[in-house]
Amino acid sequence: MSLRSAAPGRRADDRSRPPTVVTVSGQDWDEVLAAADDAAAGEQIVVNMGPQHPSTHGVLRLILTLDGEMVTEARCGIGYLHTGIEKNLEYRTWVQGVTYVTRMDYLSPFFNETVYCLGVERLLGITDDIPDRATVIRVLLMELNRISSHLVALATGGMELGAMAPMFFGFRERERILAVFETITGLRMNHGYVRPGGVAMDLPDDAVPQIRDLLPTLARGFRDLEGLLTESYIWKARTRDIGYLDMAGCLALGVTGPVLRSTGLPHDLRRAQPYCGYDTYEFDVCTRDACDSYARYLIRVDEMYQSLKIVEQCLDRLRPGPVMIADKKLAWPADLTLGGDGLGTSPTHVADIMGGSMEGLIHHFKLVTEGIRVPAGQVYTAIESPRGELGAHVISDGGTRPYRVHFRDPSFTNLQAVAAMCEGGMIADVIAAVAGLDPVMGGVDR
C-alpha cells in the first residue's frame, strides 16, 4: 500500500513544491495513521486500495482521499481485466459470438448469452418462432444462475467483513447449482449453451430429476445463510445506514438492480419489459426502502426464494418438443450430446450428414464455416441480470459477422455510485458499500 499526502487548497505558487510521500508496508492501521500524521500533519492522504478484490469479483482499484479515517473523495480505477470481447465479436460469426459474450460477467454467463441471442433473433425477425421448450429452458437456467450469482455476492460480502461461515455456506449451495449446469451443458461456467434460434442441445434425461431434488436443498441452504447474517448484531452494524444511495441518486446515475430496488422502486425488467415469457410467471419484485447495504442484502435473499418459485414453474411447463428453430438456413446444424469425453456432436448426426445428400453436406459446411447472414439493422435488447439492466446494442451490416456489439453492463454503470455511497463515510465502510453494489469486473472491462 502506498500513501500520498496532498495538501488541500494549495496555492498556485506552491505547486512546484513536491508532495510529501509516505511509504508504508506491513504495519497495523494505527501505525499507518501515526506515521502519516507525523509526516503530513493536517494534510489529506490518498490511498490506493487495490488493484485487488475489495468485496468485488475481479480487479478493481479504488483511489481514496482520506482525512483521518473519513473518505473525502472516492474514485474507481478500472481496465485491469480488459479482454477485448466486444472487438473480438467483429471477427467471429454470429454463433461464435456466444462463446465470447458468456465470459463477460462470468458469474452470470446465461444472462450474457441470452441477451445477445435475443438481439440477434430480433434482427433475424424470428423472436416469435423460438420453440417454447427452448424459451422455458432459458428461463430455468437464468433463474438458477441468478441464485448462484447472489450466493457469491452474499458469501464474499460476508467474508470481506469478517464472517467466514457465510462464505462456506454460500459456496456450498453454489457448487450444487454448478453441478446442474455441468449436467446440462458439460461445463460449470462459460457454457456457450444459448444459441440464436434456441439452445445448443436438449436437457439430458437426468437433468429434471436432479433439479427437483436440488430445490428443497437450496431452500434449506438459504435458511442457513439467513440464520448467520440476517439478525446478526455485527452484520447489521456493518451494513445498516452504510452505502446510502436514494432513489434520486440511482436514477441520476443510471443505477439498476437490487441497488435501485433498495430505494423502494419496484423496477424489474422481467415485469417492466417482459422477455422470454416472464409475464406469464408468478413471482414478486422484491423491494426495500432503507437505501443501504443491509436492504440490498435482504433483497438478494428474497430474490433467491422468488427464483426458486420460477424454477418450479419452469419444470412444470417443460413439454416435449424441439429446442432449436425449424428453419435449417438459420438453425445451428448440430445435434449435440453429452458423452464420456464431454459435449460433442452425436455419432448419429454425423452419420446422417456424411451419409445423406452431397447438397446437405455442403450446406452444413457453409453454415458452420461462414455462419448465418443477419439482415442489416440495429436493435437494443435488455434483460434483468442479477446486478441490474444488462443490455445489448447489436448492429449488423447484412453479413455473417456482427458489425458492432456493445453491451450495457450493470456493473460498469453501478460503479459510478461509489463516490456517492462512500464519500463522507469511514474507510472501513467502503468495503460494505462496494459489496452492496456487487460489481463483477469481467462485465466492466469488456
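Return only the number of the condition from (1) open to solvent by less than 40 Å² (accessible area, probe 1.4 Å); (2) outside any helix (DSSP H, G or I) that Asn112 does not satisfy.
In the conditions (1) open to solvent by less than 40 Å² (accessible area, probe 1.4 Å); (2) outside any helix (DSSP H, G or I), Asn112 misses (2) alone.
Checking Pro402 against (1) open to solvent by 10 Å² or more (accessible area, probe 1.4 Å); (2) at pLDDT 90 or above; (3) in a loop (DSSP other than H, G, I, E, B), only one condition comes out false. Which one?
Result: Pro402 fails condition (1) only.
Looking only at region 120-174, count how many residues are within 29 Å of Gly198 (Cα to Cα), basic (Lys, Arg) and open to solvent by 10 Å² or more (accessible area, probe 1.4 Å).
3
I want to confirm something. Restricting to region 30-56 and keeping residues that are under 18 Å from Leu161 (Cα atoms) and either open to solvent by less than 50 Å² (accessible area, probe 1.4 Å) or more than 33 Å from the chain's Cα centre (by Cα) (or both), which single residue is modelled with the highest pLDDT?
Met49
Per-residue answers, yes or no, for (1) within 21 Å of Ile431 (Cβ to Cβ); (2) outside the structural domain of Asn414 (by the TED database); (3) among the aromatic types (Phe, Trp, Tyr); (4) touching a Leu at 6+ places or on another chain (Cβ under 9 Å):
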| site | (1), (2), (3), (4) |
| --- | --- |
| Gly243 | yes, no, no, yes |
| Met247 | no, no, no, yes |
| Ser262 | yes, no, no, yes |
| Leu265 | no, no, no, yes |
| Gly277 | no, no, no, no |
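Considering only residues that are part of a helix (DSSP H, G or I) and acidic (Asp, Glu), look in region 281-331 and name the one that is nearest to Gly388 (Cα to Cα).
Glu303
Give me the pairs, please: first residue somewhere in region 267-279 and in contact (Cβ under 8 Å) with a residue 40 or more places away in the chain, second residue anywhere and open to solvent by 20 Å² or more (accessible area, probe 1.4 Å) and assigned to a helix (DSSP H, G or I), beta-carbon distance under 7 Å, and either six or more positions apart or on two chains.
Correct list of pairs: Tyr275/Leu118; Cys276/Thr135; Gly277/Thr135.
Name the pairs: first residue in region 407-427 and of a type in the set (Val, Ile, Thr), second residue open to solvent by 20 Å² or more (accessible area, probe 1.4 Å), Cβ to Cβ under 6 Å, at least 6 apart or on different chains?
What qualifies is Thr413/Gly254; Val418/Cys76; Ile427/Glu69.
Residues of region 218-242 being among the small types (Gly, Ala, Ser) and either part of a helix (DSSP H, G or I) or closer than 17 Å to Thr287 by Cβ (or both), which ones?
Ala219, Gly221, Gly227, Ala237
Only one of these conditions is not met by Val59: (1) under 16 Å from the mean Cα position of the chain (by Cα); (2) in the same structural domain as Arg174 (by the TED database); (3) open to solvent by less than 60 Å² (accessible area, probe 1.4 Å). Which number is it?
Result: Val59 fails condition (2) only.
Considering only residues of region 289-327 that are of a type in the set (Val, Ile, Thr) and open to solvent by less than 10 Å² (accessible area, probe 1.4 Å), which is farthest from Leu214 (Cα to Cα)?
Among those residues, the one meeting the criterion is Ile299.
For the structure I just gave you, tell me whether Leu229 is open to solvent by less than 20 Å² (accessible area, probe 1.4 Å) and in contact with a Leu (Cβ under 7 Å, 6 or more places away or on another chain).
No; evaluated as a whole, the condition is false for this residue.
Go through Leu62, Leu66, Leu81, Leu107 for me and flag whichever is out of contact with any Leu (no Cβ under 7 Å at 6 or more places or on another chain), modelled with pLDDT under 90 and part of a loop (DSSP other than H, G, I, E, B).
Leu81
Step by step: first the residues of region 74-107, then only those that are among the acidic types (Asp, Glu) and farther than 30 Å from Gly170 by Cβ, then the one that is surrounded by the fewest Cβ atoms within 10 Å (Cβ to Cβ). Which residue is that?
Here the residue is Glu90.
The values are calculated or read from the model by the stated rules, or taken from the named source; none is laboratory data. Here the structure is a predicted model, which means the values were calculated and not measured. Ideal geometry is used to build each Cβ from the backbone, glycine not excepted, and the neighbour counts take in all protein chains shown. Side chains included, ligands, DNA and RNA excluded: accessible areas come from the protein's heavy atoms. Shrake-Rupley method; radii C 1.70, N 1.55, O 1.52, S 1.80 Å.
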